[in-house]
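Read-outs: derived from the displayed coordinates by stated rules, not from any lab. Just so you know, these numbers come straight off a predicted model, no measurement behind them. For neighbour counting, all protein chains shown are included, and Cβ atoms are generated from backbone atoms with ideal geometry for every residue, glycine included.
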């Protein structure tokens, strides 16, 4: 795959505590992330296909409205399934020009993913965590959630239109995304 990978941010860490459902550290959960990195060149346009469902991240109804939900749909290359990097870690929908973010800036397990007016808030920042060292197979980790919440498909569903939410990062295929250049 011929595409420019530009490392915008990189850090090495081992997290020994996670954010619990109310944003407090929880010593019962532990996530180890050897490397978190942002692997998208500025203004590069991509889609994200879920490893489990083989469906792509898109804005429900191809809406351009603030607060529209982000779900998974049959991959069709439409603009509502196309995302570009802006401002470092933001993922901006090509159709709506709005940022993917966690509803209400929540740190809670199970909070909805939607699109919002880009405002630089950390709940709109996504860190790519490469799976097996591949920049094209990633988990999308929300910076606001102490780097322990990943985008996943609600209930691991394979259904068209299933809601995307943030969950404690784990190794399940419903949290793994294949990066498709557009």
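Set the Förster radius R0 to 25 Å, insert the Cβ-Cβ distance between residue 182 and residue 64 as r into 1/(1 + (r/R0)^6), and round the FRET efficiency to 0.05. Walk me through the numbers before you get to the answer.
Details: r = 18 Å, r/R0 = 0.74.
That gives a FRET efficiency of 0.85.
Using every alpha carbon pair in the stretch 81-132, what percent of pairs falls into each 5 Å bin from 0 up to the bin containing the largest distance?
Once binned at 5 Å, the Cα pair distances of the stretch 81-132 give 4, 22, 29, 23, 15, 5, 1.
When the convex hull of the Cα atoms of the stretch 122-182 is projected onto a plane and the area is averaged over all directions, what value comes out in nm²? Don't skip to the answer; put the middle values down first.
On the way: hull surface 18.3 nm².
With the hull built on Cα positions only, its mean projection is 4.6 nm².
Note the full-extension length gain between residue 76 and residue 117 as 0.36 nm times their separation in residues minus their Cα-Cα distance, in nm to one decimal.
Using 0.36 nm per residue and subtracting the Cα-Cα distance, I get 12.3 nm.
At a Förster distance of 30 Å, what's the computed FRET efficiency of residue 95 paired with residue 134, Cβ-Cβ distance as r, to 0.05? Walk me through the numbers before you get to the answer.
Values: r = 28 Å, r/R0 = 0.92.
Working from the Cβ atoms, E equals 0.65.
Exposure proxy check: 139, 168 ranked by fewest other beta carbons within 10 Å? Walk me through the numbers on the way to the answer.
Numbers: 139 22, 168 19.
Lowest to highest Cβ neighbour count: 168, 139.
In Å³ and rounded to a whole number, note down the convex hull volume per residue for the Cα atoms of the stretch 55-182.
So the per-residue Cα hull volume is 91 Å³.
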